Amino acid sequence: MTIYRQAWKDGTLVGAPQIALKVPFAFPTEYQGNAYDFSRDLSTIVYARPGGHADLYLLSQK
Amino acid sequence: MPDPGGKGIYYVNGKSSGFLTVYHVHSKESRDIISEDATQPAISPDGRRVMYVTISTGGRYVGRNELWVSDIDGSNKVKIATGEELSTGTWGPDSSNLSFAEGTDARSKTYIVAADGSGLRQLPLMGTTTIGGEIWSPDQKSIYVSTLGKKIATFDIWRSNPDGSNVEKFLDNCASVSDADPSGRYLLGALYSGEKSGIYEVSVSDKKCIQLLPGVVTFGAIFARDAKSFLYALASPGG
């Protein structure tokens, strides 16, 4: 995940986007909708870590 | 599925789980704050609270969600709503109110509620299709709601008072709004798919929809705290 900063003034872009933060690990960006959010001061990121387990069964007749 | 050798049938049974995790950028520390299958986090503008939905995947509660608000460290949880296909919306500028939606079909409902769960009210139906984003004006006197437009992959934008009065179609065929600048003169939004995907700006005074960053596919953009820039996230290769 990389967060970009685009300088802006009075409705107009100023320059090109710059990398503001590269998060040093991976996480899903979508999980039943958006899976993350970050604060306006870029101090905090909250993200979902879905998990679970699934077992495979064989149902047989004797 | 039947066993090809005729020995019986195969089936899968399991249970989903998960966490909501906070990452503190300066200390580089991560901490699980919610030990449930949760998603759609939305951090309040003051950075102190987060709303999210939990997903029930078992028993008779399949398909039901709960919408919660907690402090950013996971404490002081307040259940705001229970329903089907709930989705988090946005926070009011002073972090005291929030919006959320119920349903993803043509008659989705939008709600406004205080962060302590009081004063729940439904906004009137706007448009006839699925809701995108909804945001407050900085003075908290208006709410902008984006609904899927008639043109494919665009959003119409509606405006109303927070009490649901004075609903008006504000703009056709624009983007899903995600934030307003502190002056209230501009809105930010995004189109997530299609040939017109990108980050957009709405000039409120002349009701113009302007594409700022074509081809940038993100959930939305928000203004930085000083409003001299805006921020958006893109998935890096591999996550």
Next item on the list: Identify all residues within region B:24-51 that are within 7 Å of chain A (Cβ to nearest Cβ), surrounded by 12 or more Cβ atoms within 10 Å (Cβ to Cβ) and more than 25 Å from residue B:92 (Cβ to Cβ); write none if there are none.
Entry: B:37
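Taking the conditions exactly as written (crowded, with 16+ Cβ neighbours inside 10 Å and away from chain A (no Cβ under 14 Å)), does residue B:76 satisfy them or not? Before you say what the answer is, go through the steps one by one.
Values: crowded, with 16+ Cβ neighbours inside 10 Å: no; away from chain A (no Cβ under 14 Å): yes.
For residue B:76, the condition - crowded, with 16+ Cβ neighbours inside 10 Å and away from chain A (no Cβ under 14 Å) - is not met.
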Next item on the list: Spot the failing condition for residue B:186; the list is (1) farther than 21 Å from residue B:40 by Cβ; (2) more than 14 Å from chain A (Cβ to nearest Cβ); (3) touching a strand residue (DSSP E or B) at 6+ places or on another chain (Cβ under 6 Å), and only one is missed.
Entry: (2)
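Could you say whether any residue in region B:199-211 is over 22 Å from residue B:141 (Cα atoms) and more than 10 Å from every other protein chain (Cβ to nearest Cβ)?
Step one: of region B:199-211, the residues over 22 Å from residue B:141 (Cα atoms) are B:199-200, B:210-211.
In the following step, the residues that additionally are more than 10 Å from every other protein chain (Cβ to nearest Cβ) were identified as B:200, B:211.
Yes, that holds for at least one residue.
How about region A:23-40: which of its residues are assigned to a strand (DSSP E or B), closer than 17 Å to residue B:231 by Cα and either more than 7 Å from every other protein chain (Cβ to nearest Cβ) or touching a residue at least 12 places away in the same chain (Cβ under 8 Å) (or both)? Step through it out loud before you land on a result.
Restricting attention to region A:23-40, the residues satisfying the condition of being assigned to a strand (DSSP E or B) are A:30, A:34, A:36-38.
After this cut, where a residue has to be closer than 17 Å to residue B:231 by Cα as well, the list is A:34, A:36-38.
Listed by number, the residues that qualify are A:36, A:38.
Any idea which of A:7, A:16, A:20 is at pLDDT 95 or above, surrounded by fewer than 19 Cβ atoms within 10 Å (Cβ to Cβ) and in a loop (DSSP other than H, G, I, E, B)?
After ruling out the rest, the residue left standing is A:16.
I need the strands (runs of 3 or more DSSP E) fully contained in region B:162-239, keeping only those with at least 1 residues that are closer than 21 Å to residue B:42 by Cβ.
Numbers: elements: B:168-174, B:176-180, B:186-191, B:198-203, B:208-214, B:229-234.
Hits in region B:162-239: B:176-180, B:186-191, B:198-203, B:229-234.
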Check: Of the residues that sit in region A:1-22 and are of a type in the set (A, V, I, L, M, F, W, C) and farther than 29 Å from residue B:52 by Cα, which one is farthest from the other protein chains (Cβ to nearest Cβ)?
Finding: A:16
Next item on the list: Of all residues in region B:95-123, count the ones that are closer than 16 Å to residue B:162 by Cβ and surrounded by 13 or more Cβ atoms within 10 Å (Cβ to Cβ).
Entry: 15
Checklist line | Among (1) under 21 Å from the mean Cα position of the chain (by Cα); (2) modelled with pLDDT under 95, the one test that residue B:195 misses | finding: (1)
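The values are calculated or read from the model by the stated rules, or taken from the named source; none is laboratory data. Quick caveat, the model's predicted, so the values are computed rather than measured. Ideal geometry is used to build each Cβ from the backbone, glycine not excepted, and the neighbour counts take in all protein chains shown.
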